[in-house]
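Heads up: the structure comes next, in structure tokens.
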Amino acid sequence: MKPLNESNHHENIIVSPISKAVSTEAPSSEKDDRCSQTVLIQNRLGLHARAAIKLVELAQSFDAQVTISNGDKEVIADGVMGLLLLESAQGQRVTIQAKGTQASQALTAVCALIEQKFDEEE
């Protein structure tokens, strides 16, 4: 059996710290980003099927989990049925919460969609 030469031994020492640095590259605070905002449902039909589809598609386009609550009901915005069960009508307020690496962008986009009446003409 050949003894390890010093250069091979040093390479093993150098590689190990580099691989650790790469695996922890993203700051942990970025992963835990959370934010919320309360908005008013303004469109005449409230959070109906077409509006729910738009909201789900938008929420899923971000690396974030978007949650919507209306009083004591709360759902993750990953399915139309859950949003319809909120029964959010015109004039009601809903609270949007987002967490994840793109939480802030997701919250801004979802709130803008709701405030723009889901881009519907009335």
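Rounded to whole numbers, the Karplus 3J(HN,Hα) couplings from phi for segment 73-83 are 9, 9, 9, 7, 7, 10, x, 5, 4, x, 5 Hz, using 6.51 cos²θ - 1.76 cosθ + 1.60 with θ = phi - 60°, and x at Gly and Pro. Taking 7 Å steps out from each Cα toward its Cβ at Ser61 and Glu74 produces label points 2.7 nm apart. Heavy atoms of the protein chains alone define the surface here; on that basis segment 48-118 has 50 Å² accessible area per residue at 1.4 Å probe size.
Shown in residue order for segment 87-104 are the 3J(HN,Hα) couplings computed by the Karplus curve 6.51 cos²θ - 1.76 cosθ + 1.60 at θ = phi - 60°: 6, 8, 9, 4, x, 8, 9, 10, 9, 9, 10, 9, 9, x, 5, 10, 4, 4 Hz (x for Gly and Pro). Only Lys, Arg, Asp and Glu carry charge here, each on its Cβ (+1 for the first two, -1 for the last two); on that basis segment 33-112 has a dipole of about 240 debye about its Cα centre.
Net length available on complete extension from Asp119 to Gln37 is 27.6 nm, with 0.36 nm assigned per residue and the Cα-Cα distance removed.
The values are calculated or read from the model by the stated rules, or taken from the named source; none is laboratory data. Computed from a predicted model, the values in this text were never measured in an experiment. Cβ atoms come from the backbone with ideal geometry, glycine included; neighbour counts cover every protein chain shown. With ligands, DNA and RNA removed, areas are computed over all heavy atoms of the protein, side chains included. Shrake-Rupley method; radii C 1.70, N 1.55, O 1.52, S 1.80 Å.
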